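Asks: Dropping a structure here in C-alpha cells format, bear with me for questions.
Values quoted throughout were computed directly from the atomic coordinates according to the rules given, and no laboratory measurement underlies them. Model, not experiment: these values are computed from the prediction. We place every Cβ from the backbone using ideal geometry, glycine too, and count neighbours over all the protein chains shown.
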Amino acid sequence: MPHLKLHIASLRSSVCKTALICATDFLKAFGELMFIHLQSGSPSLLAILLQKAALDKRFVMDEAKRTLSMMINAMPCKVLLNMLFLHVRDTNCKVRAIVAKYLTETVEKALCERERGIEVWAFTFCFLLV
C-alpha cells in the first residue's frame with residue numbers, strides 16, 4: 001500500500017491514473033478489508049483520493065471519483081461515514097465539496113439498504129450542511 005499511495009500522489013497524470021485504477025481493483029477485490037489501509041499513514045489514502053478528486057486535471061479527477069464511488073459500493077456505510085466526517089472541515093473548499101457529495105451518496109445508499117441507526121447519521125449530516 002505505501003507504493004500505491006506514493007504513485008497516487010505522483011504529479012505525473014498517467015502514473016496517478018494507473019495507480020487509481022489499481023486502487024479501484026483493490027477495493028473491488030478486498031472491499032471491507034481495505035478499511036485499515038484507507039486511514040493509515042499521513043496523509044491517508046482517503047485524503048489523497050479526495051485531493052485528487054478535487055484537482056483541475058480532468059484525466060485524474062474522473063478516475064479518482066470512480067475510485068471513491070467504488071469505495072462507497074465496497075464498504076459498509078457506517079465505516080465510510082466515520083471516515084468522511086473526518087474530512088468535512090478540510091481547508092480546501094473543493095475537497096469539502098467532494099466530501100459533501102460522497103457523504104450524500106453514502107447516506108442515500110444506507111437509507112436504501114435500511115441500515116440500523118442510519119437515521120441518526122442522516123440527521124447529523126443534515127445538521128452539518130446547515
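Asks: Once you place label points 7 Å from the Cα toward the Cβ at residue 10 and residue 58, how far apart are they in nm?
Replies: 2.3
Asks: If you build the Cα gyration tensor of segment 10-65 and take the root of 5 times each eigenvalue, what three semi-axes come out, in whole angstrom, biggest first?
Replies: Value: 19, 13, 9 Å, ordered largest first.
Asks: Name the residue from 82, 107, 21 whose Cα lies farthest towards the positive end of the charge dipole of the chain, charges +1 on Cβ of Lys and Arg and -1 on Cβ of Asp and Glu.
Replies: About the Cα centre, the residue reaching furthest to the positive side is 21.
Asks: Moving on. Please provide three numbers in whole Å: the alpha-carbon extents of the chain along the principal axes, with the largest listed first.
Replies: So the three principal-axis extents are 41, 31, 24 Å.
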